[in-house]
Amino acid sequence: MTRKTAGLPLSYRLAVASRSLAALLGGYLLASLASVCIALVAPLPQVDATLTGLLLSFVFYLLAFIWCFACRSAWRAWLGVLAPSLLLGLISAIAYWMKNP
Amino acid sequence: MKEGFRQAMAWLHTWTGLIFGWLLFAIFLTGTLSYFKEEITHWSQPEVRSHALDPVHSLEVAQRYLQDNAGHSGTWFIRMPNEREAALSVGYRDAKGGPRGFVSKNLDTQTGQPVEARDSRGGEFFYRFHFQLQMPYPFGRWLSTFCAFIMLLGLVTGIITHKKIFKEFFTFRPGKGQRSWLDGHNAIGVLVLPFHLMISYSSLVLFMYMVMPAGIMASYGNDTDKYFNDLFGRNDAPKVANVATPLVPLPSLYAQVQALQPGARIGNIQVQNPGDSNARVTFTQSAADHVAYRRSANWTFDGASGALLSQGKPESGAMMTAFSFAGLHMGNFAGPWLRWLYFFFGVSGTAVIGTGLVMWLGKRQLKHAKSERLPGELRLVEVLNIASMSGLLLAVAGFFWANRLIPMGVEGRADWEINTFFIAWGLSLVHAVLRSGRRAWGEQLALGALAFALLPLLNGLATGQGLNHSVRVGDWAMAGFDLTALGTGLFLAWLAGKMLRRPKPVAKRPSRAAKKPSTETAEAS
């Protein structure tokens, strides 16, 4: 199956693989942290905040996928999912400590 | 990917569509069949007779049966018969009986005796397959949920790719090969776009607690049960008091529910601690009564005194949102017309995926029109396209044939129906490997046409409940199944005719490819 794949350089293939991983894993991290952040921060009863976080998490996953394949390089793909993840993680951590001192 | 945003999205649409298309096709087709789960089960178990609905009588029958047979059990379940499901289903926990400590029986509502029906999963098989993929728990659910996400991604990237979506919607150029496939793909995709968006997003909602557990864990810690208790508003039943007290007649509680919620259809009833002074009886309204799942639509009674103890808690806005998606996905509320609409929407979803897969290959085949055989990777896609589409149809037909042909008393009968499904699917893959593309398509579709078109005849011969009988007595579930099978057969015959008759634009390849099955087998495997 790999006989005819000569047309494209290896670096391109690695970049595609890297973007795919960024979307799949980095995107999942982003979506998870978004749901955590909403669950902890949203001014709603506990169950509603958690539920809203879950409902919206897929929007983040979707946007992460689109970003990872639309941006100019694989590095930007990772940056684009990890930087917001870090931010959401920080907000979640602060919210968590305030709730569970 | 270095080009524009739209090109990048087209690339993503193309490749995620290819990789997950085969699985998505199977999920959509079996999911579509699941809209007629009860009707398929009715066809698969023609021994279960329908009677006029009489909830009070059904409750008497169920209570008598459970008191006689499950007096020792701590929990009873009763599922009421309804317009679509003839059997009165009773079940109880019994550590010593049944698989996983649970015994379940279908009762005839008139005689009160268990129905001796052939061992078959019926519609339940397709329903389970469409989200579990016959894989061990929880991998099938994870994979099918991820497929649903890819479908959602495919829709969004498809909309972005196809910028003049509504203008081109009115463009259909039949008989133009690749162009017609694209027009068809776009037209069906756009026409039922709201359904497609709903069905893929709601699949995620149904399993989000499973695939996105981080939010629940962060908010509830290790006590995730509390999340579900909060969400569904459950109360734990009290412990057994060990004071023997007869259970109140269930019909009297039914009358109380009818006074509270006139006209409510009851879906199921749970009895905890029956025969004890701490007995609890919960009536849950049928899912057919509301679009959204309702946690509020249930009533819990004291089983010893018959007093109403509590009613389900009202839903919040967020809950209504999630529950509406769940309800819309499953379509329990749909009456016959809406159910058929659901079915055709499901078929069109399947068609969008199928046409997409065919186009992917068709576009690339053109480049190799002059060479004698396809490159290995394209041949692999071709074989998988055939096996996953026409092969799956053969597998479905095989399941129904097995249902009518396997003798009643065979050990593991229901499992053999499922085995037939997978054996037929496997054989179609072998066939697709051995035959050239167009011939394999044509032959499998032709066989599928025969298999489906003859199902009504087989049904009539095997059970005596063929169309002549079912139409006369007004058994529309049975007749509808047979007529749908006939219609499917005719449609497949038309497709097979197109495949087998029209001269292949890509000349010569079939005859030579057919002579070299061994090399192709090696490549495709």
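Summary of values
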quantity: Residues with amide H under 5 Å from that of B:LEU309, placed H, sequence gap 5 or more; calculated: B:THR300, B:PHE301, B:ASP302
quantity: Relative contact order (%) - criterion: Cα under 8 Å, at least six apart; region: segment B:1-109; calculated: 19 percent
quantity: Rounded if a/c under 1.5, otherwise prolate or oblate - segment B:62-143, Cα gyration tensor axes; calculated: oblate
quantity: MRE, 222 nm, helices only [DSSP H, n ≥ 4, -39500 (n - 2.57), over chain B, to nearest 500]; calculated: -20000 deg cm²/dmol
quantity: Rounded to the nearest 20 debye, dipole of segment B:336-465 from Cβ charges on Lys, Arg, Asp, Glu; calculated: 580 debye
quantity: Degrees between helix B:123-132 axis and first principal axis of chain B (Cα, 0 to 90, nearest 10); calculated: 70 degrees
quantity: Zero-based 5 Å bins, Cα pair distances in segment B:274-329, whole percents; calculated: 4, 20, 21, 18, 14, 10, 9, 4, 0
quantity: Degrees separating the helix B:376-405 axis from the principal Cα axis of chain B, which is the longest one; calculated: 40 degrees
quantity: Residue order, fewest to most beta carbons within 10 Å, for B:LYS105, B:LYS239, B:LYS363; calculated: B:LYS239, B:LYS363, B:LYS105
quantity: Candidates per GluC sites (Glu not before Pro) in segment B:362-445, loop by DSSP, up to 15 other Cβ within 10 Å; calculated: B:GLU372, B:GLU411
quantity: Dipole of the protein assembly as shown [Lys/Arg +1, Asp/Glu -1 at C-beta], most positive-end residue of B:ALA117, B:HIS57, B:PHE195; calculated: B:PHE195
quantity: Chain B - charge dipole about Cα centre, Lys and Arg +1 at Cβ, Asp and Glu -1, debye rounded to 20; calculated: 2940 debye
quantity: Per DSSP, loop chymotrypsin sites (Phe, Trp or Tyr not before Pro) in segment A:1-80 with at most 10 further Cβ within 10 Å; calculated: none
quantity: Excluding exposed DSSP-loop chymotrypsin sites (Phe, Trp or Tyr not before Pro) (at most 15 other C-beta within 10 Å), longest clean stretch of chain B; calculated: B:173-525
quantity: Cut-off under 5 Å, modelled amide H: who pairs with B:LEU88 long-range; calculated: B:LEU107, B:THR109
quantity: Lys, Arg +1 and Asp, Glu -1 on Cβ, resulting dipole of the protein assembly as shown about Cα centre, debye, nearest 20; calculated: 3600 debye
quantity: Whole-Hz couplings from phi, Karplus 6.51/-1.76/1.60, listed for segment B:286-299; x for Gly and Pro; calculated: 4, 5, 6, 7, 9, 5, 7, 5, 10, 7, 7, 8, 8, 9
quantity: Chain A, relative contact order [Cα under 8 Å, separation at least 6], %; calculated: 34 percent
quantity: Rounded, prolate or oblate (a/c below 1.5 giving rounded, otherwise prolate when a/b exceeds b/c) for the protein assembly as shown by Cα gyration tensor; calculated: oblate
quantity: Paramagnetic reach from B:ARG64 in segment B:99-115 [backbone N under 15 Å; point 7 Å along Cα→Cβ]; calculated: B:107-115
quantity: Neighbourhood charge, 9 Å Cβ-Cβ cut-off, centred on B:ARG118 and excluding it, Lys, Arg +1 and Asp, Glu -1; calculated: -2
quantity: Positive dipole terminus of chain B, leading residue within B:THR488, B:MET217, B:THR463 (C-beta point charges); calculated: B:THR488
quantity: Leading residue at positive end of dipole, chain B (Cβ point charges), from B:TRP337, B:HIS368, B:ASN278; calculated: B:HIS368
quantity: Relative contact order (percent, whole number), chain B, Cα cutoff 8 Å, 6+ residue spacing; calculated: 16 percent
quantity: Karplus 3J(HN,Hα) series, Hz, for segment B:450-467 with 6.51 cos²θ - 1.76 cosθ + 1.60 (x for Gly, Pro); calculated: 4, 4, 6, 5, 8, 4, x, 5, 4, 4, x, 6, 7, 10, x, 10, x, 4
quantity: Trypsin sites (Lys or Arg not before Pro), loop per DSSP, at most 15 other Cβ atoms within 10 Å - longest free stretch of chain A; calculated: A:5-71
quantity: When chain A is reduced to its Cα atoms, the Kirkwood hydrodynamic radius in Å; calculated: 14.8 Å
quantity: Net charge, B:GLY412 excluded, C-beta distance under 15 Å - Lys, Arg +1, Asp, Glu -1; calculated: -1
quantity: Acute angle (nearest 10 degrees) that the helix B:476-501 long axis makes with the longest principal axis of chain B, alpha-carbon atoms; calculated: 10 degrees
quantity: Flagged links, alpha-carbon separation over 29 Å, of B:LYS367/B:LYS498; B:LYS37/B:LYS239; B:LYS370/B:LYS498; B:LYS96/B:LYS313; B:LYS105/B:LYS313; A:LYS99/B:LYS239; calculated: B:LYS37/B:LYS239; B:LYS96/B:LYS313; B:LYS105/B:LYS313; A:LYS99/B:LYS239
quantity: Fewest-first sequence of B:ARG84, B:ARG118, B:ARG179 by Cβ atoms within 10 Å of each Cβ; calculated: B:ARG179, B:ARG84, B:ARG118
quantity: In Hz, Karplus ³J(HN,Hα) per residue of segment B:134-151 (6.51, -1.76, 1.60; θ = phi - 60°; x = Gly, Pro); calculated: 6, 9, x, 4, x, 5, x, 5, 4, 5, 5, 5, 5, 4, 4, 5, 4, 4
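Only the coordinates and a few stated rules stand behind these numbers; no lab work does. Because the structure is a prediction, the values reported are computed rather than measured. As a convention, Cβ positions derive from the backbone with ideal geometry for all residues, glycine included, and neighbour counts pool all protein chains shown.
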